[in-house]
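Worksheet: the structure to be examined is printed underneath.
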Amino acid sequence: MAFWTYMLHCADRSFYVGHTDNLEQRIGQHDQGGIPGYTQTRLPIKLVWSQSFDMRMEALEAERQIKGWSRAKKLALIREDWTLISSLARSHKEK
C-alpha cells in the first residue's frame, strides 16, 4: 500500500499540506468541502504536488517538514527546483 504526502493550492493563494493512503479519494473529499477545517473555507483547491511513500510514518514526516517551509520553498518544491530548495534551506540555517 502506498501513502501520499500532497500539497493543495487554495483559492486564497495559501497552501495546504496533508497525507493520505488514497490520494484520489482525499482530493475529491477536499474538493467537495467534505473535510472540515482549513480547505473547506478556501475552495476551490488544486493539487499542485504529491509524492508517494512506502510507510505512513514517512508520509507524515514529509507532511510535517513541508508544513514548516516558507512559501518560497514550497513553490520551489512544486517546480522541483532542488537547487533553490537547497539554497533556501542553507539560508534558513544561517539565520
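Read-outs: derived from the displayed coordinates by stated rules, not from any lab. Bear in mind that the values here come from a model prediction, so they are computed numbers and not experimental data. All Cβ positions, glycine included, derive from the backbone under ideal geometry; neighbour counts span all protein chains shown.
Quick rundown of the values:
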item	result
Selection within the range 33-48 - part of a helix (DSSP H, G or I) and either more than 17 Å from Ser14 (Cβ to Cβ) or without any contact (Cβ under 8 Å) to a residue 24 or more places away in the chain (or both)	Gln40, Thr41
The range 4-32, residues that are more than 24 Å from Leu75 (Cβ to Cβ) and in contact (Cβ under 8 Å) with a residue 40 or more places away in the chain	none
Restricting the range 1-39 to residues that are of a type in the set (S, T, N, Q) and within 22 Å of Trp69 (Cα to Cα), the residue that is surrounded by the most Cβ atoms within 10 Å (Cβ to Cβ)	Thr5
Hits in the range 16-45 - residues which are among the hydrophobic types (A, V, I, L, M, F, W, C) and in contact with a Leu (Cβ under 7 Å, 6 or more places away or on another chain)	Ile27, Ile45
Selected residue [closer than 10 Å to Trp4 by Cα and among the aliphatic types (A, V, I, L, M)] from Leu84, Leu88, Leu60, Leu75	Leu60
In the range 1-39, the residues that are among the polar types (S, T, N, Q) and in contact with a His (Cβ under 8 Å, 6 or more places away or on another chain)	Thr5, Thr39
